[in-house]
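Below is one structure, written out as structure tokens; comments come after it.
The values are calculated or read from the model by the stated rules, or taken from the named source; none is laboratory data. Bear in mind that the values here come from a model prediction, so they are computed numbers and not experimental data. Positions of Cβ are backbone-derived with ideal geometry, glycine not excepted, and every protein chain shown enters the neighbour counts.
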Amino acid sequence: MGSGKVEVIQYLVDTRQLWLGATKTKDLEKEASRALALLTEDEKKGVLKYYFVADAKMSLASQLLKHWVVSKYAGVSWWDTKLTRDEKTKPVYVDPATGKQPVAFNVSHQAGLVALVAVAGYDGKVDVGTDIVCTSERRARDHKVINTEGWGSFVDLHSDVFGRSEAGYLKSDLLSAQPGLPPLARGDEIIDSKLRAFYTLWCLREAYVKMTGEALLAPWLKDLEFKNFRAPRPGQEFVQRPDGEVVDKQEVIKEHEILFHGNKVDDANICLRSLGPDYMTCSAIRTPDRKEDALSWDLGPYEFLPMNQILSDAEERLDD
């Protein structure tokens, strides 16, 4: 959690079993009416604009998580958790009385899971980023492209968002640096191992870039390089205990070789971990004015946060 009153908050919401009666996005107006009632009209419209109901559910959970973490950790009523955007268009909450951000947060979602990372109670500037990836969500499509056009072409399709050396690393003797591949692996096993490394890089970069407040259109993307990265070993199928703890043999990677404009990056606390056999999460935090603060914080495992708890907490704070 870090020292003093600083709290590092990391939660997951699994939307895959939520609002199962909604087969189309418009069905959420009825099936998820309790949740939607906690959003502003603009936020509701943003959720209901999605064509696929799975995407709408993740968007709904993301919006609720942002308000929930501000209400709970900044101690304000639900309807006072007004979110704005900073100069880089990143969603933020600014205390109208102090002009400060009592809670810095970031969310990410993929394949039904929504991740939240936040830092509360830090007296100073703190940058937070998170990403979650699922290596199997596009597996059939990825394999088709690779089998048709080759691994190098697949990497090149995405090379515009990678650092200068990263595409070459992905296309070189990548497998020698990746754990867990059987000695006699063939065909699909090899492709899956390469894809796991590919999505590892994607997860690392996305969390870092989001921490900076930029997007994947940042002009300096080529100048950010993760060197000699490797994928965390797949975990077991994760399950959730009643207290929310994730039960999984996760591999955690906290040491990373990162270059920016050729110089070593030493001010970011970055934690990459496996989650089940197919998911990975990455948290990235820095405190620009005192880098040692963020570097001292323990980025432990995420916990699952039940939707009913979010809704109950929100409803308790509607009139605070």
Practice task
With the condition kept exactly as written, say whether any residue in the stretch 22-34 is more than 30 Å from Pro219 (Cα to Cα), under 22 Å from the mean Cα position of the chain (by Cα) and not assigned by TED's automatic domain parsing to the domain that holds Ala218.
Solution key: no
Problem - Count of the stretch 199-232 residues which are within 16 Å of the chain's Cα centre (by Cα) and either over 15 Å from Cys282 (Cβ atoms) or of a type in the set (Phe, Trp, Tyr) (or both) - result: 6
Practice task
Please go through the stretch 105-153 and pick out each residue that is among the aromatic types (Phe, Trp, Tyr) and either more than 21 Å from Lys82 (Cα to Cα) or over 14 Å from the mean Cα position of the chain (by Cα) (or both).
Solution key: Tyr122, Trp151
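Every residue, every condition in (1) at pLDDT 85 or above; (2) surrounded by 18 or more Cβ atoms within 10 Å (Cβ to Cβ); (3) in the same structural domain as Tyr302 (by TED's automatic domain parsing), yes or no:
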position	(1), (2), (3)
Arg233	yes, no, no
Pro242	no, no, no
Val246	no, yes, no
Gln250	no, yes, no
Practice task
Have a look at Leu175, Leu184 and point out the one that is at pLDDT below 90, in a helix (DSSP H, G or I) and not assigned by TED's automatic domain parsing to the domain that holds Leu299.
Solution key: Leu175
Practice task
Give the residue that is surrounded by the fewest Cβ atoms within 10 Å (Cβ to Cβ), with candidates limited to residues of the stretch 36-55 that are in contact with a helix residue (DSSP H, G or I) (Cβ under 6 Å, 6 or more places away or on another chain) and closer than 23 Å to Lys72 by Cβ.
Solution key: Leu39
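Looking at the stretch 22-35, is at least one residue in contact with a Lys or Arg (Cβ under 6 Å, 6 or more places away or on another chain) and either over 25 Å from Tyr302 (Cα atoms) or surrounded by 16 or more Cβ atoms within 10 Å (Cβ to Cβ) (or both)?
Checking the stretch 22-35: not a single residue is in contact with a Lys or Arg (Cβ under 6 Å, 6 or more places away or on another chain) and either over 25 Å from Tyr302 (Cα atoms) or surrounded by 16 or more Cβ atoms within 10 Å (Cβ to Cβ) (or both).
Given the condition in the same structural domain as Ala115 (by TED's automatic domain parsing), among the small types (Gly, Ala, Ser) and over 25 Å from Lys100 (Cβ atoms), answer yes or no: does some residue in the stretch 57-72 qualify?
yes
Here's the yes/no breakdown for (1) of a type in the set (Ser, Thr, Tyr); (2) at pLDDT 95 or above; (3) assigned by TED's automatic domain parsing to the domain that holds Leu305:
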residue	(1), (2), (3)
Lys100	no, no, yes
His109	no, yes, yes
Leu113	no, yes, yes
Ile132	no, yes, no
Arg141	no, yes, no
